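Comments concern the structure below.
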Amino acid sequence: MKLMGILSNNVLNAYNPDIIIINSAFTIFFPQLTKRIEDALNSKMNSFVRIESSTLQDSSILLGGICVVIKNFLGIRSLNLSGKEIFE
């Protein structure tokens, strides 16, 4: 758990996200895992971030690949989802 806390802390410090989504089979079997990771964070930023588990599980890789292919085929440089600009 300590290493997941360190990893999440590094992501927070590097990218400053609003939410961290963990895609793992462990989060299905152990729903309290995300709370324990949140508790292990030692950054001042952890009060501003949520850690959630993904509901996509195995299909997330496929959906991400489809998104990349569609963006490249159509020549889309940015997506506007829920009113927020996402640049990749």
Under 20 Å from a point 7 Å along the Cα-to-Cβ line of Phe29: which residues of the range 53-73 have their amide N that close? 53-60
Between Lys2 and Ile70, what length in nm is gained on full extension when 0.36 nm per residue of separation is reduced by their alpha carbon distance? 20.7 nm
Under a crude label model (7 Å from the Cα following the beta-carbon direction), how far is Leu63 from Arg77 in nanometres? 2.7 nm
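Bear in mind these aren't lab numbers, they're just calculated from the coordinates by the rules spelled out. If you're wondering where the values come from, they're calculated on a predicted model, not measured in any experiment. Backbone-built Cβ (ideal geometry, glycine too); neighbour counts: all protein chains shown.
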